[in-house]
Structure formats: C-alpha cells, structure tokens
Amino acid sequence: MYSFCGENANFSISNGVIVLSSTEEIFCGGNLDGELSDVVGYSMTFYIPVGNDERILLSNSVEDMTGGTISISGETGKVSGDILTATEIEELQNNLFFRLKTTNLKGEENEYQLQLTLTEITGQLDN
C-alpha cells in the first residue's frame, strides 16, 4: 500500500492511496485543494511517463454548462482493476505525476503539472 501527495503554488493533492494485492488494485486520487479563479472547466490526469508516452492511471473532467464558474477543489476519483504492471509498480517512486488543465471564462487554457511524492505504507497485503 502506498500513499501520495504533492503541492505547488496553485494547488495540492493529499490523501492519495494505491492498494496493491494479489486480489485487487485500487488507485484513489485523494483530494485536490486549491483556488484558481474564473475556471469554467478542467480535466485532471494521474499518469506515469513511459518513454515518450504516458500511462494514464486515472483521468476525469468537469465542465460548467450554466455559464458560471466552478471550484477545482474536491475528491479526484477512484478506479480499481488491473491498473499497474509489475514494472510500473517498481517505477512509481519517482514517476507518479498529476496534470490539471483548466479553461477560464475568457476561453484561455492553462496546464499545471505536479510530480507526486510516493510513500510505501506497507508491503503486499497478502497474509
């Protein structure tokens, strides 16, 4: 089991968890906290760089359809299933990233990247 977090000047990720056992794999993105103004839509992606590509672990997006603005803060989501290969698990320590893309009221897009700090809480959960 692993926990992860990270922060920059604009936002933070906290309480992220990865559960790996012989019977299940769960990736919980934790909480996104931050204040970005005039956001009308955003997408967030957790990923591992693989060569010149990305292995996406979890991705979702939110868009306001009423003409108002939205907050980026809240839970980022969760996925379970066959998420990581054995090689990717070993490479997680320095290779887990979060990307936030936002669109503001003027239609301008911004992209923020954050390398996440991974901490092993326990080894395999198998007893």
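The values are calculated or read from the model by the stated rules, or taken from the named source; none is laboratory data. These figures come from a predicted structure and were not determined experimentally. All Cβ positions, even for glycine, are placed from backbone atoms using ideal geometry, and neighbour counts span all protein chains on display. Note: accessible area is taken over every heavy atom of the protein model, side chains too, but ligands, DNA and RNA are not part of it. Shrake-Rupley method; radii C 1.70, N 1.55, O 1.52, S 1.80 Å.
Here are a few things to note about the model shown:
- Apart from one condition, Asn15 fits all of (1) within 30 Å of Thr122 (Cβ to Cβ); (2) open to solvent by 80 Å² or more (accessible area, probe 1.4 Å); (3) at pLDDT below 95; the exception is (3).
- Unique residue being of a type outside the set (Ser, Thr, Tyr), on the phi > 0 side of the Ramachandran plot and modelled with pLDDT of 90 or more when the list is Gly74, Gly81: Gly74
- Scanning region 18-30 for residues that are within 14 Å of Lys78 (Cβ to Cβ) and open to solvent by less than 50 Å² (accessible area, probe 1.4 Å) yields a count of 8.
- When region 32-53 is filtered for residues that are part of a strand (DSSP E or B) and under 16 Å from Lys101 (Cα atoms), the ones remaining, listed by number, are Leu32, Asp33, Gly34, Val39, Val40, Gly41, Tyr42, Ser43, Met44, Thr45, Phe46, Tyr47.
- Hits in region 1-25 (condition: outside any loop (DSSP other than H, G, I, E, B), among the hydroxyl-bearing types (Ser, Thr, Tyr) and touching a residue at least 60 places away in the same chain (Cβ under 8 Å)): Tyr2, Ser3
- Answer from Glu63, Glu54, Glu35, Glu90 - the residue that is under 17 Å from Glu120 (Cα atoms), of a type in the set (D, E, K, R) and more than 12 Å from the chain's Cα centre (by Cα): Glu90
- Leading residue by the ranking (most open to solvent (accessible area, probe 1.4 Å)) among those in region 39-55 that are within 16 Å of Glu111 (Cβ to Cβ) and of a type outside the set (A, V, I, L, M, F, W, C): Glu54
- Residue match in region 62-74 (condition: touching a Lys or Arg at 6+ places or on another chain (Cβ under 7 Å), part of a strand (DSSP E or B), open to solvent by less than 80 Å² (accessible area, probe 1.4 Å) and closer than 23 Å to Cys5 by Cβ): no
- Qualifying positions in region 104-121 - more than 30 Å from Tyr2 (Cα to Cα) and either in a strand (DSSP E or B) or free of Cβ contacts under 8 Å to residues at least 24 places away in the same chain (or both): Asn104, Gly107, Glu108, Glu109
- Taking the listed residues Leu100, Leu96, Leu36, the one that is surrounded by 15 or more Cβ atoms within 10 Å (Cβ to Cβ), under 17 Å from Leu118 (Cα atoms), touching a Phe, Trp or Tyr at 6+ places or on another chain (Cβ under 9 Å) and in contact (Cβ under 8 Å) with a residue 24 or more places away in the chain is Leu96, with no other qualifying.
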